[in-house]
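Here is the structure we will look at, set down as structure tokens.
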Amino acid sequence: MADTLEFNEIYQEVKGSMNDGRLRLSRQGVIFKNSKTGKVDNIQASELAEGVWRRVALGHGLKLLTKNGHVYKYDGFRESEFDKLSDFFKAHYCLELMEKDLCVKGWNWGTVRFGGQLLSFDIGEQPVFEIPLSNVSQCTTGKNEVTLEFHQNDDAEVSLMEVRFYVPPTQEDGVDPVEAFAQNVLSKADVIQATGDAICIFRELQCLTPRGRYDIRIYPTFLHLHGKTFDYKIPYTTVLRLFLLPHKDQRQMFFVISLDPPIKQGQTRYHFLILLFSKDEDISLTLNMNEEEVEKRFEGRLTKNMSGSLYEMVSRVMKALVNRKITVPGNFQGHSGAQCITCSYKASSGLLYPLERGFIYVHKPPVHIRFDEISFVNFARGTTTTRSFDFEIETKQGTQYTFSSIEREEYGKLFDFVNAKKLNIKNRGLKEGMKQSYDEYADSDEDQHDAYLERMKEEGKIREENANDSSDGSGEETDSSFNPGEEDDDVAEEFDSNASASSSSGDGDSDRDDKKPAKKAKIVKDRKPRKKQPESKKGKDPNAPKRPMSAYMLWLNASREKIKSDHPGISITDLSKKAGELWKAMSKEKKEEWDRKAEDARRDYEKAMKEYSVGSKADSHRGERSKKKKKKQEKQVKGKGDKKGATSKSSSSKSPAKGMSDSFKSKEFVSSDESSSAESKKEDSEEEAASPAPSSEDSASGSD
């Protein structure tokens, strides 16, 4: 039997929502990693007390109970996986995986049982529903009635807000069943009540998200943000990660608290709480506890009296209460020596911090991206200038983040960092042997020193120095065109008489100087082909043979109706996807049959095309002959018209008196206006051509 079992696309039920992730069962215990948050739940094998297999909405589910009362639910299993899981539990955990289905009778009268942190409503021996008491935000009592209110779930479309239980009165003296029910709930419920004094208070802290100044009151189980307008109560159980990030100016510090579920202000959700501190601010802090309580609760991590920088005190107290590591930037150093990169995300400018296991951007909006959810990264050229570049990250879920306006000098450092972390770079492609160096089930909070990273950084520095030595000249030549100051000095004006003598180094400038004559020449050249364009444009001949189909298209036309009948109501896109899957799974022998049909169709097409081309050539020859004949006739008609015009001109020269009387033009007039004289000559020739030639009798009488 295998030592481990792995399951993908398993859903864990947390506060009413189903979070997908990966589940691994090993000899040591059960590990579940949330795909969305990267949070890891690790259940030791020695802590498991009971395992239950049952049918749920998403197939089949597994419920695990631990000895300390915690309940874990995982859904998304197939029915066939029960035997494999049952044998694994027997062999490695010494537990019997019980089958226990939920009661679906629909009755609302039963028995309530409290087991650990779970309230179970049972009918007989079968459970109807279960309520994790950690989801309860408030419990109120009435006459024979108990009301449970729940934390609102922002991820779910519909949230259960309250449940009411009717508790019948009993005859037992001295015991109120309603109060007993409420006490059992409150002992395990996640009820936030600001009872007692705060452990310590930090006043007037600058908060970037949500924006404003807040007093932070530290309680044993939750954090209370008190501002002028809003109050927030944040349970420590909702804190995912803590970050302490130095500002680029080296005078300020960011303290970032990652929350899930987020805090709400109207319709706005804040997944990150960002505090900004000055390094110069100091504080002396006294905890509102005696020294014995401090030592017993915090085991040396805190003392009753502490002093130091304000950001150090806040981060130290939060680390002790939340019991999570504080993530700081790794060994990355940018071009300016800072541990971050200045860039823009969406419409705001901010800082991008490369961490040991991810990237975080502050501050508007804050973004945290883990390495294990990155599909690839891409280095893109800046859209507005060559002096910057864009850094794009795409996750496995398809979400894309673009960090723009990064200085060009940061490219080498960032590229070496990404290369050392073995992330897939889209520009270059995934090189052989470059596999992810991190464990898929490792917690993304554990930032450890990486010796391999140090070695890669040293090699990267050497490569960068060599690259800078060899590319100094080429870099200056490449960017010389992007220098507005130099270009403006050498450019001649458009109407300058010395425009042709301007420097030829700027191609755009010479084009602008010769713009006017070049445009005229272009118009003259392009006139003839434009007139001929409609004639030369040929539409598709409907009589031409149709192109042959591929083997896949022939098979799809033959199998379309069968696929529709097997999947009634399937859409066109789903049908195409299904057909592609069937074709891909088809054996080679069956595909060869359709390949032969496609080859026959191709031969028939080639034969038909030969016949069609012979016929079309004959038609084109006939068309050319008719065009030549038509042109010849037009030339003959034009020649006759020219002869007729010549005779009319000669007749007009023989009768100058008539021409002078009809349209007399002086010599000065003709020389001053050529266009009008040309028009008058044309009119005279037309009038003389229209009038009949004088007969011999008329000329004789005129001489007499």
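The values are calculated or read from the model by the stated rules, or taken from the named source; none is laboratory data. Source: prediction; values computed, not measured. Glycine gets a Cβ as well: all are built from the backbone with ideal geometry, and neighbour counts include every protein chain shown. Only protein heavy atoms, including side chains, enter the accessible area calculation; ligands, DNA and RNA are left aside. Shrake-Rupley method; radii C 1.70, N 1.55, O 1.52, S 1.80 Å.
Solvent-accessible area per residue in the stretch 111-187 equals 58 Å², computed with a 1.4 angstrom probe and all protein chains kept. The HN-Hα couplings worked out from phi for the stretch 249-263 by the Karplus form 6.51 cos²θ - 1.76 cosθ + 1.60 (θ = phi - 60°) are 7, 6, 10, 10, 9, 9, 10, 10, 10, 8, 10, 8, x, x, 7 Hz, whole numbers, x standing for Gly and Pro. Here the stretch 295-413 is treated with +1 on each Lys and Arg Cβ and -1 on each Asp and Glu Cβ, and its dipole about the Cα centre works out to around 520 debye. Expressed per residue, the C-alpha convex hull volume of the stretch 200-327 stands at 102 Å³. Heavy-atom surface analysis with a 1.4 Å probe gives the stretch 301-387 a carbon and sulfur content of 46 percent of its accessible area.
When Rg and the Kirkwood Rh are both derived from Cα coordinates, the Rg/Rh ratio for the stretch 331-405 amounts to 0.94.
For the stretch 61-78, 3J(HN,Hα) computed residue by residue from phi via the Karplus equation (6.51, -1.76, 1.60; θ = phi - 60°) reads x, 10, 10, 10, 10, 9, 5, 8, x, 6, 10, 10, 10, 10, 10, x, 7, 9 Hz, glycine and proline entered as x.
Label separation (Leu186 vs Tyr411): 6.6 nm, computed from points 7 Å beyond Cα along the C-beta direction. Here's how it looks for Leu355: its modeled amide H is under 5 Å from those of Ile360, which are all 5 or more places away or on a different chain. A crude spin-label estimate for the pair Asn331 and Asn144, with each label 7 Å from Cα along the Cβ direction, gives 7.3 nm.
For the residue pairs Lys248/Lys461; Lys73/Lys578; Lys188/Lys396; Lys63/Lys105; Lys84/Lys421; Lys562/Lys590, the alpha carbons lie more than 28 Å apart in Lys73/Lys578; Lys188/Lys396; Lys84/Lys421. Of the two radii for the stretch 111-187, the radius of gyration is 0.99 times the Kirkwood radius, both from the alpha carbons; that is the Rg over Rh value.
Spin-label model, Ala579/Lys84: points 7 Å from Cα along the beta carbon direction are separated by 3.5 nm. Taking every protein chain into account, the 1.4 Å probe leaves Met289 with about 30 Å² of accessible area, to the nearest ten.
Extension gain for the segment Lys346 to Ser616, taken as residue separation times 0.36 nm less the Cα-Cα distance, is 91.3 nm to one decimal.
What the stretch 200-327 shows is 50 Å² of accessible area per residue, with the surface traced by a 1.4 Å probe over protein heavy atoms. Only Lys, Arg, Asp and Glu carry charge here, each on its Cβ (+1 for the first two, -1 for the last two); on that basis the stretch 111-187 has a dipole of about 120 debye about its Cα centre. One chain, two ends: Phe114 and Asn68. Fully extended at 0.36 nm per residue, the span grows by 15.2 nm beyond their Cα-Cα distance. Shape analysis of the stretch 246-299 places it in the oblate category; the axes a ≥ b ≥ c from the Cα gyration tensor give an a/c of at least 1.5, with a/b not above b/c. Taking θ as phi - 60° and the Karplus parameters 6.51, -1.76 and 1.60, the scalar couplings of the stretch 48-55 work out to 5, 10, 7, x, 10, 10, 8, 7 Hz in sequence order, x denoting glycine and proline. With R₀ fixed at 35 Å, the C-beta to C-beta distance from Glu592 to Lys564 puts the FRET efficiency at about 0.85. Name the residues of the stretch 300-329 whose amide N is less than 11 Å from a point 7 angstrom out from the Cα of Ser284 along the C-beta direction? Label zone hits: 306-308. Residues of the stretch 16-58 falling in the label zone of Glu99, defined by backbone nitrogen less than 18 Å from a point 7 Å along Cα to beta-carbon, are 51-58.
With a Förster radius of 51 Å applied to the C-beta separation of Trp107 and Lys228, the computed FRET efficiency comes to 0.50. Debye-formula intensities of the stretch 4-99, expressed as log10 I(q)/I(0) at q = 0.20, 0.25 Å⁻¹, are -0.99, -1.64 (one equal scatterer per alpha-carbon, no solvent). Counting 0.36 nm for each residue step from Asp600 to Asp176 and taking away their Cα separation leaves a gain of 143.7 nm. The mean accessible area for residues of the stretch 341-421, using a 1.4 Å probe and ignoring ligands and nucleic acids, is 39 Å² per residue. The dipole here belongs to the stretch 1-153: it is taken about the Cα centre, uses +1 on the Cβ of Lys and Arg and -1 on the Cβ of Asp and Glu, and is about 300 debye.
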